[in-house]
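Participant: For reference, the structure I am asking about is given below.
Throughout, read-outs are computed from the coordinates displayed, never taken from laboratory work. Everything numeric here is computed off the predicted structure, so don't read it as measured data. Here the Cβ positions follow ideal geometry from the backbone for every residue, glycine too, while neighbour counts run over all protein chains shown.
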Amino acid sequence: MKQYQLGEFEEVVMLTVGVLYDKAYGVAIKKEIESRLRRSVSVGALQSALARLEQKGYLKSYEGEASEERAGRPKKFFQITAYGRKAIEFTRKTREELWSDIPKVALKLIMG
Amino acid sequence: MPHPPQIILRFFRWYVHPKLRDSIEGDLIELYRERVREKGKRKADILFAADVLLCLRRGIIRPAEGHQQINTYGMLKNYFTIGWRSLLKQRMYSAIKIGGFALGIAACILISLFIKDELSYDKQYPNANRIYRVIGVGNHNGQLSKGVHFQPPMAKALREEYIEIEKVGRYNNVELFGAANAEVRRADQMENLYEDHITFIDQELFDIFQPKFIYGNPAKALAEPLSVVLTRSKAEKYYPGENPLGKSLIFNDDKARPFTIGGVIEDLPPNTHLPFDIFLTLSGWEFWKGEQTSWCCSNYPTYIKIKEGTDPHELAKKITKGVIDKYIIPMLKEEGRSDIDEIVKNSWIELQPVTDIHLKSEGIWDGLSHGDIRFVWLFSAVAAFILIIASINFINLSTARSANRAKEVGLRKVVGSVRSNLVGQFLAESLLYSVLSFVFGLVLAILLLPYFNIVASKSLEMPWLDWWFVPALVAASLFVGVLAGIYPALYLSSFRPIQVLKGNLSMGSRSSSLRGGLVVFQFTISIVLIVGTFIIYRQMNFILNKKLGYDKQQVLYMEGTHMLGNQIQTFKEELKKLPMVKSVSISDYLPVRGTKRNGNQFSLEGRGKIDKPVSGQFWRIDHDYIKTLGMHITDGRDFDRDMASDSSAALINQEMVKQLGLKDPLGARIVNYSQTWTVIGVVENFNFESLKHNIDPVMLTLGNSPTIVSMKISSEDLQGTIASVTEVWKKFAPNQPARFAFLDESYARMYDDVKRMGKIFTSFAVFAIIVACLGLFALSAFMVEQRSKEISIRLVLGASMNNIVRLLTQNFMALIMISIVLATPIAWYVMQKWLEDFAFRVEMSWEIFLVAGLLSILIAIVTISFQAIRAALTNPVNGLRSE
């Protein structure tokens, strides 16, 4: 259990990296999250999460080409590792288990 | 393309982790440009700044320890290991580095203790910053005379007329009045003991200085007439193991006026300027009738404690005006003086902070022995120089032997050390040396402290218990380590790895000119110290052997003879009968310090109100005085027993003749206060004060002054003479111990302070020279090692030992010569300043510099030639074999 610790924001970042596939670098991830989740994400929050995830081994990175738009700085692209995939799958599995175990009545009552 | 604000970007680059820098910066710039397009530059700037601030997160910020190292412990350990190994590998050089440092540090510790003690004087009184000593200044044609003695009622005037003054207290230890020394005994015993630190004081002086009382009420201990306060050690002396409160002491056999003990105080600490141990009250006491209310005579040092917030300068001005207007002018008018305006204009009052008294009383005549702020400076300088010389050794040896470490440096660089690592390494090494040196230096200082105390006549201790001492030592050792290590560290770490590893580095030659400069510096200081020592010694010799105008050899004198009362003349006759006694004289006034002195005014008859009076000494002597002391009458005659008129006759010294402007002194009539004296003879000037001062006018008249009996003796057997004289004395005064002194010894004691300073100076000069020589020794050893191949080849080709020694010494000789040239004017200037203190002094002459120069060359040659001769005697095969 413990080994696949993933925070909520971290999970979102992981998933977004997955969504963007080979275009997942800082600004793109940020925009994707902002548009899908309708919340603003600061560069700092995103980058520290990326750094954390990379350190845990869930993501790996490689440097892309430098562009004039970025004043000659290379983009840093992220990819989900196999280990990272296990982590999000684990999270997903646990969530689904939780969903399926909620008695129907309980949800009805809340909705009703 | 728009650019984000540089300052914020720079801030970002400063804190961000280097690995993340490019990618995040790229993101930030990309966003920024997008925002500039969409929202305008101003808004984009603000959002950029916000983003940068929000990036301040764990994981993004650069780690504190830097990116190359995670843990420096291993490296540090390695530095010290390597340092320790290289220390052991080159034992001689290490021993010299550490030994020199240790000597320097020991000297510094001792000097610091000395200086600290000198600076601690009189700081112990509560509110010491509000206590002042009143100083009277007189301006005599531009020459200021400063005195501390005031008229008895001065204190009362100050107390009553100036609200700024909280307390006023006086003391009086004028020997003329029986203060200063006395024969003392308990009222219930007969045996007298001699005490010589007695003073009369006001109760209020105790209120100002607030000594710690053991017995008695501090506020009233001296309030009653005829009360006395003792220090603890004196109380123990007279009343061992008892509480002496209320008991009586008798002074000088004056049974009618016993003093009652009103209190006992702790012994005064050694760092007070008032060295007394018996305090007699001034309350209700008068030395003569009407004395306490008379403004005639100044005998009382007066101290005040001012109220908080008072400006002492303003107060001094106010007192000057007030006292002169109210008291001095009326008194002068009464005397009928015509030069009142002149006197008033040239006299004023100053207030001297009590904490300045010990070190800053130059030129103030107070009869106390003082330190001298200039010596504090001088010794600080000497301490600093010794330390610098030791540091120079360290620097020279470290850089000279750099070749030995060059490979190491190169290799370390190749495997990834950056320069700061290497600087750190060599600093760590020099810290190792400096800490070791401090340990040895401290041990040395502890061992030397007892001797230093004897030489400096102090009772200094290592202040282990003071909170600052150990931290200060640690801080000092770190500081010195860094100071001495920084240059070698920078130098050694600057080697280029490729050159070093190829073996291109010429062996430590690069900084040889710097090394030469440092050697010159060391020897310049050493030579200045040698010259200083020589001159101090010459001046000492000059003082001790100067023709003084009297013969101080073989004069024995006894003090305390006034106890004999009327029998003193009989005693004198008895002494004369002794075979070894040539002549005997009764007089309190001897030309050495510690006997009676006074201040008097003289003028020619009839001109008292016209001329400025001449101030000088007025001594009472007897018929045998001139003969006993071997003084010379240059004109006229000595006193004669057969001339009844001699009771109003006087001898005057040549200085008096000069100052009174007498053409024909014999028969001149001189007035002293109300009495007139006829001059019958002129005595050759004789030195009766320290040779620091000029000779003052003296008048000698017949009179009774029975405290001291002096005798000229002919025997070489001094012990036997003292025994015979004591025997005679016992017949007259069985209860009274006899106190003997020899005039030449008392004379020599007058220069104890000069001698003491000379000794301290000499010992530290020797320290400095030893340290400098150690350095030279090591440098020459290094040089021999370096040139061993050259020397071997020369020897093979037939060079003689002479050639080799000359070859090796000539470089250093040139440096020593430069030092001599530099040192001469410095030494000349400094020692001229020192000699200016003495009115009678030796002339500075070129031989001193010649001798000092030759001596330093000799020292250097001896130091170097040891190595040079060894080199010349080695088998040349040893130097050449390796190739």
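Participant: Might you report the magnitude of the Cβ-based charge dipole of chain B about its Cα centre, with Lys and Arg at +1 and Asp and Glu at -1, to the nearest 20 debye?
Facilitator: The calculation lands at about 5140 debye.
Participant: Report the calculated FRET efficiency for residue B:291 and residue B:830 (r = Cβ-Cβ distance, R0 = 41 Å), to the nearest 0.05.
Facilitator: Efficiency computed from Cβ-Cβ geometry: 0.30.
Participant: Follow-up question, since we're still on this one. In what order do B:296, B:55 fall by count of nearby beta-carbon atoms within 10 Å, going from fewest to most?
Facilitator: B:296, B:55
Participant: In units of 2.2 N^0.38 Å, what is the alpha-carbon radius of gyration of chain A?
Facilitator: 1.28
Participant: Pull out a ≥ b ≥ c, the square roots of the eigenvalues of the alpha-carbon gyration tensor of segment B:6-54, then state rounded if a/c is under 1.5, prolate if not and a/b is larger than b/c, and oblate in the remaining case.
Facilitator: It comes out prolate by the Cα gyration axes.
Participant: Give me a comma-separated list of calculated 3J(HN,Hα) values for segment B:738-745, in order, Karplus coefficients 6.51, -1.76, 1.60 applied at θ = phi - 60°, integers in Hz, x for any Gly or Pro.
Facilitator: 8, 10, 10, 8, 9, 4, 5, 5
Participant: Which ³J(HN,Hα) values in Hz, rounded to whole numbers, follow from the phi angles of segment B:866-871 under the Karplus curve 6.51 cos²θ - 1.76 cosθ + 1.60, where θ = phi - 60° and Gly and Pro get x?
Facilitator: Using θ = phi - 60°, the values come out as 3, 6, 5, 5, 4, 5 Hz.
Participant: Taking amide H positions as placed in the peptide plane 1.01 Å from N, state which residues far from residue B:668 in sequence (5 or more) or on other chains have amide H under 5 Å from it.
Facilitator: Under 5 Å from the amide H of residue B:668: B:679.
Participant: Of the options B:530, A:21, B:439, report the single residue whose Cα projects farthest towards the positive end of the charge dipole of the protein assembly as shown (beta-carbon charges: Lys, Arg +1; Asp, Glu -1).
Facilitator: Going by the charge dipole, the pick is A:21.
Participant: Can you list which of the GluC sites (Glu not before Pro) found in segment B:562-626 are DSSP loop residues with at most 16 other C-beta atoms within 10 Å?
Facilitator: B:605
Participant: Mind checking which lysines have their Cα closer than 21 Å to the Cα of residue B:627? Skip sequence neighbours fewer than 8 apart in that chain.
Facilitator: Hits, sequence-local ones excluded: B:546, B:547, B:552, B:572, B:576, B:577, B:582, B:596, B:712.
Participant: As an exercise, identify the trypsin sites (Lys or Arg not before Pro) in segment B:9-59 lying in DSSP coil whose Cβ has no more than 13 other Cβ atoms within 10 Å.
Facilitator: For trypsin sites (Lys or Arg not before Pro) across segment B:9-59 that sit outside H, G, I, E and B with at most 13 neighbouring Cβ atoms in 10 Å, the list reads B:58.
Participant: So how do B:637, A:95 line up by other beta-carbon neighbours within 10 Å, fewest first?
Facilitator: Fewest-to-most Cβ neighbours within 10 Å comes out as A:95, B:637.
Participant: Apply the Kirkwood formula to segment B:367-518: the hydrodynamic radius equals the inverse of the mean of 1/r over all pairs of different alpha-carbon atoms; give it in Å with one decimal.
Facilitator: That comes to 18.2 Å for segment B:367-518.
Participant: Are there chymotrypsin sites (Phe, Trp or Tyr not before Pro) in segment B:463-504 that DSSP puts in a loop and that have at most 10 other Cβ atoms within 10 Å, and which ones?
Facilitator: B:464, B:467, B:468
Participant: Hey, got the dipole for chain A? About the Cα centre, +1 on K and R Cβ, -1 on D and E Cβ, debye to the nearest 20?
Facilitator: 200 debye
Participant: Pop a pseudo-label 7 angstrom from the Cα along the beta-carbon direction at both residue B:342 and residue A:101 and give the gap in nm to one decimal.
Facilitator: Label-label distance for residue B:342 and residue A:101, simple model: 11.9 nm.
Participant: Tell me which residues come under 5 Å, amide H to amide H, from residue B:214 once H is placed; ignore anything under 5 positions away on its chain.
Facilitator: Residues meeting the criterion, in which the H sits 1.01 Å from N, are B:264, B:265, B:266.
Participant: Further question: Placing +1 on the Cβ of each Lys and Arg and -1 on the Cβ of each Asp and Glu in the protein assembly as shown, which of A:94, B:329, B:855 has its Cα farthest towards the positive end of the resulting dipole?
Facilitator: A:94
Participant: Skipping prolines and chain starts, which residues have an amide H placed within reach, meaning under 5 Å, of the one on residue A:76, given they are 5 or more residues away or on another chain?
Facilitator: A:26, A:64
Participant: Let me ask something else about it. For residue B:749 and residue B:612, compute 0.36 nm times the residue count separating them, minus their Cα-Cα distance, and round to one decimal in nm.
Facilitator: This chain segment gains 45.8 nm when fully extended.
Participant: While we're on this one: In the protein assembly as shown, with Lys and Arg counted as +1 and Asp and Glu as -1 at Cβ, which of these residues, B:306, B:835, B:514, has the Cα nearest the positive end of the dipole, that is, farthest along it?
Facilitator: It is B:514.
Participant: Further question: Which whole-Hz couplings ³J(HN,Hα) result when phi for each residue of segment B:592-608 is put into the Karplus expression 6.51 cos²θ - 1.76 cosθ + 1.60, θ = phi - 60°, listed in order with x for Gly and Pro?
Facilitator: Those phi angles translate into 10, 5, x, 9, 5, 9, 8, x, 9, 10, 10, 8, 6, 4, x, 10, x Hz.
Participant: Continuing with the same structure: How fast does the protein assembly as shown diffuse by Stokes-Einstein, in µm²/s, taking the Kirkwood radius from C-alpha pairs at 20 °C and 1.002 mPa s?
Facilitator: Value of D from the Cα-based Kirkwood radius: 58 µm²/s.
Participant: For segment B:760-850, what is the charge dipole size about the Cα centre, in debye to the nearest 20, if Lys and Arg each add +1 at the Cβ and Asp and Glu each add -1 at the Cβ?
Facilitator: I would put it at about 420 debye.
Participant: In addition: By how many nm would the segment from residue B:467 to residue B:58 grow when fully extended, if each residue of separation counts as 0.36 nm and the alpha-carbon distance is taken off?
Facilitator: 143.1 nm
Participant: Still on this structure, I have one more. How many partner chain Cβ atoms sit within 10 Å of a residue's Cβ in peptide A:51-63, on average, as a whole number?
Facilitator: 1
Participant: Compute from the Cα atoms of segment B:128-357 the Rg and the Dmax, the latter being the longest Cα-Cα distance, and quote both in angstrom.
Facilitator: So, for segment B:128-357, Rg and Dmax equal 18.9, 61 Å respectively.
Participant: Would you please give the FRET efficiency between residue B:644 and residue B:722, computed as 1/(1 + (r/R0)^6) with r the Cβ-Cβ distance and R0 = 30 Å, to the nearest 0.05?
Facilitator: That pair, residue B:644 with residue B:722, gives E of 0.25.
Participant: Checking a compactness column here: for chain B, what do you get for Rg(Cα) / (2.2 N^0.38 Å), N being the number of residues?
Facilitator: 1.30
Participant: Tell me, what is the FRET efficiency for residue A:22 and residue B:19 to the nearest 0.05, using R0 = 25 angstrom and their Cβ-Cβ distance as r?
Facilitator: Taking R0 as 25 Å, the efficiency between residue A:22 and residue B:19 is 0.70.
Participant: How far apart, in nm, are two points set 7 Å out from the Cα along the Cα-to-Cβ line at residue B:875 and at residue B:314?
Facilitator: For the pair residue B:875/residue B:314, the computed spacing is 9.1 nm.
Participant: Something else now. Quick check on chain B: of the DSSP beta bridges with both residues there, what percent are antiparallel, nearest 5%?
Facilitator: Antiparallel bridges make up about 75 percent of those DSSP assigns within chain B.
Participant: Another question about this same structure. Counting DSSP beta bridges with both partners in segment B:128-357, what percentage is antiparallel, nearest 5?
Facilitator: That works out to approximately 80 percent antiparallel.
Participant: Okay, moving on. Please report, in whole Å³, the volume per residue of the convex hull around the C-alpha atoms of segment B:561-735.
Facilitator: Residue-normalised Cα hull volume stands at 136 Å³.
Participant: Cross-link partners among aspartates and glutamates for residue B:789, C-alpha distance below 16 Å, same-chain residues fewer than 8 apart left out?
Facilitator: B:883
Participant: If you take the alpha carbon radius of gyration of segment B:508-547 and divide it by 2.2 N^0.38 Å, what ratio comes out, to two decimals?
Facilitator: 1.95
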